[in-house]
Amino acid sequence: LVRVQALTARSPRCLILGGGIAAAEAALRLARLVSRDRLETVVLTPRAELVVLAETVREPFALPAAQRIPWREIAERTGARIVGGGATRVDCEQRVVHTTGDESIAWDGLIVAVGAHASPAWPHATTLDPLHADRSLRGVVQDLEGGYCRRVAVLLPEGPIWPLPAYEIALLLAGRAREAAPRSCSIHLFTPERRPLEIFGDPASTRVAELAARYRVELHTATVPTVGPGGLVRTADGEEFRFDRVVALPRLVGPALPGLPSVEGGWIPVDSSCRIVDTEGHCFCVGDATPFPVKHGGLACQQADVAADCLATRLGLADAGCRSFRASLQAVLITPDKPLYLEARLVGERAFQARVADTSPWGSGVKVAGEELARLLAATG
């Protein structure tokens with residue numbers, strides 16, 4: 001039998017689907033906009049804790065661990081109720097979400113923040129699992145430090161993705177290689193980008209190219225190679241390389257959540273205010289599940305703020321308004337020396353007002369500069 005969690009008579013309910021950055025930002029934003037006695041917030045999450053995935057790339061290199069915040073702590077701060085599990089189907093007409101726990105949760109407003117699905121892009125490569133980065137890459141780091149491997153390739157797949165981890169992995173590996181065997185190790189990075197980190201504009205591309213040259217990371221831009229057994233990497237023009245280890249970022253695809261519209265790739269289409277197109281009721285989608293081509297925690301937070309503002313306004317609980325999402329990138333690139341702080345405003349996939357700084361321009365060193373979440377990370381870090 002399916003158990004139905006009905007709506008309370010005293011206040012509307014906002015249901016948030018997901019356990020990542022965007023879900024946390026939405027819950028924090030709603031808590032700031034609306035008092036607990038006027039809105040019931042429920043978070044349906046398969047995770048017991050929020051993991052700052054942008055920070056996990058440090059862990060295989062024995063650098064500070066990624067921040068992990070129990071969802072129960074976020075619930076205490078926001079007044080949200082946490083329900084364990086995931087969504088199996090959304091019924092926008094009846095305003096009900098069916099869950100993996102054989103429950104059916106009713107809602108007045110819905111924010112979908114379930115993220116993208118990751119899968120290996122190359123079967124013969126070691127694929128980074130951001131949730132378990134240490135488990136994914138620790139062996140590669142140890143083999144490099146111990147002299148058991150000398151040549152490592154880092155690959156970035158085509159499609160919507162966040163490219164920074166590939167550059168961080170390559171640079172950090174090169175830093176360890178310099179310490180272990182500076183003359184005999186070789187690190188290569190293959191990327192479909194025309195220039196390194198081109199999403200951040202010319203200043204970042206120039207600075208990252210200089211960093212790569214300093215740490216002897218060989219960049220192969222505008223290429224998506226094939227990978228064969230035994231570390232064979234072949235480019236489209238026929239050039240072949242042999243590596244001891246090949247590391248790759250996963251390919252991302254949309255969640256294609258049953259009951260919600262989807263476009264090619266499984267992404268959930270939204271309008272400028274992150275409202276899900278062709279749906280009834282107050283349905284929003286934010287973060288990596290949307291078709292926006294750049295996948296980044298900071299952008300997910302910006303979308304979550306837009307959706308929460310619009311939802312609270314539509315429910316008559318706040319006067320925040322329904323504004324349009326305007327992408328503004330703020331990111332931290334981890335290097336063997338000191339972090340670089342990258343900024344750019346995006347129109348489509350083109351960068352404007354781009355700059356690179358050696359100190360944080362936004363007043364916090366956290367990897368995800370969400371308006372609400374940054375304060376939580378700074379307080380708990």
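Between GLN142 and GLU158, residue separation times 0.36 nm minus the direct Cα-Cα distance comes to 2.9 nm.
Annotation for GLU240 and SER272: the two label points, set 7 Å from Cα along the Cα-Cβ direction, are 5.4 nm apart. The magnitude of the dipole of the chain, with charges of +1 and -1 set on the Cβ of Lys/Arg and Asp/Glu and taken from the Cα centre, is near 560 debye. When only alpha carbons of region 286-352 are considered, Rg and Dmax amount to 14.6, 50 Å. Calculated accessible area for the chain comes out at 42 Å² per residue, all protein chains present (probe 1.4 Å; ligands, DNA, RNA ignored). The residue among PRO157, ILE21, LEU340 whose Cα reaches farthest toward the positive pole of the charge dipole of the chain, with charges on the beta-carbon of Lys, Arg, Asp and Glu, is LEU340. Each residue of region 204-219 was assigned a 3J(HN,Hα) from its phi angle through the Karplus expression (A = 6.51, B = -1.76, C = 1.60, θ = phi - 60°), giving 5, 4, 5, 5, 5, 4, 5, 4, 4, 5, 5, 9, 6, 8, 8, 8 Hz with x at Gly and Pro.
Across region 58-118, the volume of the C-alpha convex hull divided among the residues equals 135 Å³ per residue. Within the chain, what is the longest stretch that has no trypsin sites (Lys or Arg not before Pro) placed in a DSSP loop and near at most 10 other beta-carbon atoms within 10 Å? Longest stretch, sites excluded: 195-381.
Over the chain, dividing the summed -39,500 (n - 2.57) contributions of all DSSP H runs of at least 4 residues by the number of residues returns a 222 nm mean residue ellipticity of -7500 deg cm²/dmol. Treating r as the C-beta distance of ARG323 and ALA65 and R0 as 35 Å, the FRET efficiency rounds to 0.45.
Against the longest alpha carbon principal axis of the chain, how many degrees, from 0 to 90 and to the nearest 10, is the axis of helix 297-314 turned? Result, in degrees: 10.
Considering only PHE61, VAL217, LEU329, the residue lying farthest towards the positive end of the dipole of the chain is PHE61, judged by Cα position with unit charges set on Cβ.
The value for region 188-238 of Rg(Cα) / (2.2 N^0.38 Å) is 1.25. Applying a 4.7 Å Cβ-Cβ cutoff to the chain, the cysteines left without a disulfide-compatible partner are CYS14, CYS92, CYS149, CYS185, CYS274, CYS283, CYS285, CYS301. Carbon and sulfur: what percent of region 226-381's accessible surface (1.4 Å probe)? Summing carbon and sulfur atoms, their accessible area is 46 percent of the total for region 226-381.
The values are calculated or read from the model by the stated rules, or taken from the named source; none is laboratory data. On a predicted model such as this, the values are computed, not experimentally measured, just so you know. All Cβ positions, glycine included, derive from the backbone under ideal geometry; neighbour counts span all protein chains shown. The accessibility values were calculated without ligands, DNA or RNA, using every heavy atom of the protein model including side chains. Shrake-Rupley method; radii C 1.70, N 1.55, O 1.52, S 1.80 Å.
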